[in-house]
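For reference, the structure is listed below as structure tokens.
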């Protein structure tokens, strides 16, 4: 009977040790996975910020081009008016 209890105690200690090692390994792997995910999240945030800056530059260019086109159209109108006035002056003279 004495041998059986000793064997059971040794087996129980072995199981507890195995569970403890598995828990420690699981925790370490979980921590490593979280660290990798945090690094990936930081990289993605940086890339998104860079893309936002590019979009802002693009939108600024579009706005500036729209204003430039308006100014060109205004100048075209002024040239037409000036040419019309010159034609009128030439006809009178």
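What follows is calculated from the coordinates using simple rules that are stated; it is not laboratory data. Quick caveat, the model's predicted, so the values are computed rather than measured. No Cβ is skipped: glycine too gets one built from the backbone with ideal geometry, and neighbour counts run over all protein chains shown.
Could you work out the mean projected area of the convex hull around the alpha carbons of the chain, in square nanometres to one decimal? Mean projected area for the chain: 7.6 nm², to one decimal.
Angle check, please: helix 2-92 long axis (alpha carbons) against the longest principal axis of the chain (alpha carbons), in degrees 0 to 90, nearest 10. Value to nearest ten degrees: 0. Note on residue 48 and residue 69: the model spin-label points, each 7 Å out from Cα along the C-beta direction, lie 3.2 nm apart.
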